[in-house]
Amino acid sequence: MKMLRNSKVVITLIMAALLVALGTFNVFAAPKQKNIILATTTSTQDSGLLDVLLPVFEKETGYFVKTIAVGSGQAMAMGQKGEADVMLVHSPDAEKKFVAEGYGINRRLVMHNDFIIVGPGTDSAKIKGVKSSVDAIKLIANANALFASRGDNSGTHAKEKTLWKKAGINPAGQKWYQETGLGMGQTLNVAAEKKGYTLADRGTFLALKKNLGLDILVEGDEALLNIYHVIEVNSAKWPKANAEGAKAFADFMVSKKTQGIIKTFGVDKFGSPLFFPDAGKKVEDLGK
């Protein structure tokens, strides 16, 4: 009986070895550290893109992604403290600084969409169709029309502050300027409720449009390009970071399959994609 049991063990081991060689069974397939903390922007969450991508990633790799959707600034602050493994963000200047200071590695271009200025159909500031986003916010300020700002150090907020700076206007403290301190979806709701204007990423706006009662009033300005990168937290600075999981997620985001999903996401519902895949491209070539 003992010899029989030993024979069965030997046969089992031989079969497992054959299956591994054939690629049909991998005893090392399960990742050592299964959980990945993804710090990302509210736009990737509110648009529904992550709801489509994450199940695919988790099924293919065996990882489990815990998503924390905040502004890009807050996402990178998490990375600086070692509280995230990987980030999907859209605040280029802050991202470059984050990497230069050694907190992040392998910053890779993933996709883009664009920012738009939205507001009520009544359009008291008369900005509809204005080509320059800077000219549009000047008109909003001159009309003392309510403008809802995220005010949360997000990529969207960073873009908005750049526009005010170019316009030579400091809106802080003005009665018509309200900082919500909220994400994109919630800020859009505030603007809708108060019949005000706001700067939004196109993806989130289109995903929520039917419940808002706001219109796209200014779009197409090159200054409104909205670019997303994936960045892995530097495990040399934070040894407890899940470096393997972060790389697996970043590789997934720039893979051909994922870029194909991004390319078609939103087309069936809105007639056009909410994001445009850009892996392997140069930033200076986007939007052309």
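The values are calculated or read from the model by the stated rules, or taken from the named source; none is laboratory data. Since the model is a prediction, treat every value here as computed from it, not as a measurement. Ideal geometry is used to build each Cβ from the backbone, glycine not excepted, and the neighbour counts take in all protein chains shown.
Of these, ALA241, ALA248, which one is modelled with pLDDT under 95, assigned by TED's automatic domain parsing to the domain that holds GLU95, hydrophobic (A, V, I, L, M, F, W, C) and farther than 29 Å from VAL134 by Cα? Even if it seems obvious, please write down each step before you answer.
Working: ALA248 fails: modelled with pLDDT under 95.
Being modelled with pLDDT under 95, assigned by TED's automatic domain parsing to the domain that holds GLU95, hydrophobic (A, V, I, L, M, F, W, C) and farther than 29 Å from VAL134 by Cα holds for just one of ALA241, ALA248, which is ALA241.
Looking only at the range 147-157, decide whether some residue is of a type in the set (Phe, Trp, Tyr), closer than 19 Å to ALA125 by Cα and in contact with a helix residue (DSSP H, G or I) (Cβ under 6 Å, 6 or more places away or on another chain). Lay out the reasoning, then the answer.
Applying the first criterion (of a type in the set (Phe, Trp, Tyr)) to the range 147-157 yields 147.
This time we only want the ones that are closer than 19 Å to ALA125 by Cα, so: 147.
From what's left, in contact with a helix residue (DSSP H, G or I) (Cβ under 6 Å, 6 or more places away or on another chain): 147.
Taking every residue of the range 147-157 in turn, at least one turns out to be of a type in the set (Phe, Trp, Tyr), closer than 19 Å to ALA125 by Cα and in contact with a helix residue (DSSP H, G or I) (Cβ under 6 Å, 6 or more places away or on another chain).
Take the range 237-270 and flag every residue that is in contact with an Asp or Glu (Cβ under 7 Å, 6 or more places away or on another chain) and surrounded by 22 or more Cβ atoms within 10 Å (Cβ to Cβ).
Once the filter is applied, which keeps residues that are in contact with an Asp or Glu (Cβ under 7 Å, 6 or more places away or on another chain) and surrounded by 22 or more Cβ atoms within 10 Å (Cβ to Cβ), the range 237-270 yields ALA241, ASN242, GLY245, ALA246, ALA250.
Conditions first: (1) surrounded by fewer than 15 Cβ atoms within 10 Å (Cβ to Cβ); (2) within 20 Å of LYS159 (Cα to Cα); (3) of a type in the set (Ser, Thr, Tyr). TYR228 passes all but one, so which condition is the exception?
Failing condition for TYR228: (1).
Does LYS138 qualify as being at pLDDT 95 or above and touching an Asp or Glu at 6+ places or on another chain (Cβ under 9 Å)?
Numbers: at pLDDT 95 or above: yes; touching an Asp or Glu at 6+ places or on another chain (Cβ under 9 Å): no.
In short, no.
Under the condition of being out of contact with any strand residue (DSSP E or B) (no Cβ under 7 Å at 6 or more places or on another chain) and surrounded by fewer than 20 Cβ atoms within 10 Å (Cβ to Cβ), which residue from the range 142-152 is nearest to MET184 (Cα to Cα)? Give the steps one after another, and end with the answer.
Taking the range 142-152 first, the residues out of contact with any strand residue (DSSP E or B) (no Cβ under 7 Å at 6 or more places or on another chain) are 142-144, 150, 152.
Now narrow it down to the ones that are surrounded by fewer than 20 Cβ atoms within 10 Å (Cβ to Cβ): 142-144.
Working: ASN142: 25, ALA143: 24, ASN144: 22 Å.
This residue is ASN144.
Quick check, is ALA145 part of a helix (DSSP H, G or I) and more than 21 Å from the chain's Cα centre (by Cα)? Walk me through how you get there before you give the answer.
Details: part of a helix (DSSP H, G or I): no; more than 21 Å from the chain's Cα centre (by Cα): yes.
Answer is no for this residue.
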